[in-house]
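Inspection log for the structure reproduced underneath, given as structure tokens.
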Amino acid sequence: MPMLRQIAQLGHPVLRTDAERVILPASDATRALVADMLDTMRDAHGVGIAAPQVYDSSAIFIVASRPNPRYPNAPEMDPQVVINPEIIERSDEIVKGWEGCLSIPGLRGFVPRPRRIVVRYQDLEGEVFEREFEDFVARVFQHEDDHLHGLVFIDRLESPKDLVCEKEYQRQFAS
Ligand SMILES: [Zn+2]
């Protein structure tokens, strides 16, 4: 049975550590980790979660864009389990968009990122996928990929002035 895991909060070293490549096909422990990550993400109304956020330095994250209380305008997609990802192409076009993070509660940042990316990753069986993502999904993918490199969205801000409290984000910017 999947169980909810604790979410590491900013300041914990696991969020500043490079994740390790996962050996595939996945072990039972890795499959259990992924099931727990899905439950933990849904419970917290996240649209993505990375293994380091549940104290596991494995190169795994989930992208699960869907409308939810924190992102009412997010597109609907089946949760994608992303293992050993690489971003192999980034658009020159950079766009800014609002991001939050389960590991940084109460804050939102207006973060610049490439609008479109081409990525390669594996699933639990080791099958390799090459996909192109744009806009919100590309943003979530890049946010989660940063977690595998010890980075958080605050590191990507152009200015600390692009950081706001959740209450003001909801009052001014949430639509
Ligand atoms: Zn995050």
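The values are calculated or read from the model by the stated rules, or taken from the named source; none is laboratory data. Since the structure is predicted, the reported quantities are computational estimates derived from the model, not experimental observations. Quick reminder, even Gly has a Cβ in these numbers, built from the backbone with ideal geometry, and neighbours come from all protein chains shown.
When the residues of the range 106-116 are narrowed to those that are within 16 Å of the ligand (Cβ to nearest atom) and among the charged types (D, E, K, R), which ends up surrounded by the fewest Cβ atoms within 10 Å (Cβ to Cβ)? Looking at residues that are within 16 Å of the ligand (Cβ to nearest atom) and among the charged types (D, E, K, R), I get R113. The residues in the range 73-95 that are outside any loop (DSSP other than H, G, I, E, B) and buried (at least 16 other Cβ atoms within 10 Å of the Cβ) can be counted, and the count is 8.
Every residue, every condition in (1) under 21 Å from I60 (Cα atoms); (2) touching a helix residue (DSSP H, G or I) at 6+ places or on another chain (Cβ under 6 Å), yes or no:
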{"position": "V81", "(1), (2)": "yes, yes"}
{"position": "R120", "(1), (2)": "yes, no"}
{"position": "R131", "(1), (2)": "yes, no"}
{"position": "D145", "(1), (2)": "yes, no"}
{"position": "S159", "(1), (2)": "no, no"}
{"position": "Y169", "(1), (2)": "no, no"}
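Go through V82, V119 for me and flag whichever is more than 19 Å from L15 (Cβ to Cβ), away from the ligand (no atom under 12 Å from the Cβ) and in contact with a strand residue (DSSP E or B) (Cβ under 9 Å, 6 or more places away or on another chain). Explain how you work it out, then say what you get.
Values: V82 fails: more than 19 Å from L15 (Cβ to Cβ).
So the residue among V82, V119 that is more than 19 Å from L15 (Cβ to Cβ), away from the ligand (no atom under 12 Å from the Cβ) and in contact with a strand residue (DSSP E or B) (Cβ under 9 Å, 6 or more places away or on another chain) is V119.
Of the set (1) in a strand (DSSP E or B); (2) within 16 Å of the ligand (Cβ to nearest atom), all apply to Q142 but (1). When L102 is tested against the conditions (1) outside any loop (DSSP other than H, G, I, E, B); (2) in contact (Cβ under 8 Å) with a residue 60 or more places away in the chain; (3) not hydroxyl-bearing (S, T, Y), the lone failure is (1).
Of everything in the range 117-158 that is of a type in the set (V, I, T) and surrounded by 15 or more Cβ atoms within 10 Å (Cβ to Cβ), the residue that is farthest from S65 (Cα to Cα) is I154.
Scanning the range 16-68 for residues that are aromatic (F, W, Y) and in a loop (DSSP other than H, G, I, E, B) yields a single hit, Y55.
Out of the residues in the range 45-54 that are at pLDDT below 95 and either within 12 Å of the ligand (Cβ to nearest atom) or among the basic types (K, R) (or both), state the one that is surrounded by the fewest Cβ atoms within 10 Å (Cβ to Cβ). The residue in question is G46. Just one of the listed residues (F153, F136) is under 15 Å from the mean Cα position of the chain (by Cα), away from the ligand (no atom under 14 Å from the Cβ) and touching a residue at least 40 places away in the same chain (Cβ under 8 Å), namely F136. When S103, S91, S57 are checked against the criterion of being more than 16 Å from the ligand (Cβ to nearest atom) and among the hydroxyl-bearing types (S, T, Y), a single residue qualifies: S91.
Checked against the criterion of being more than 30 Å from E158 (Cβ to Cβ), within 16 Å of the ligand (Cβ to nearest atom) and at pLDDT below 95, the candidates R5, R42 yield just one match: R42.
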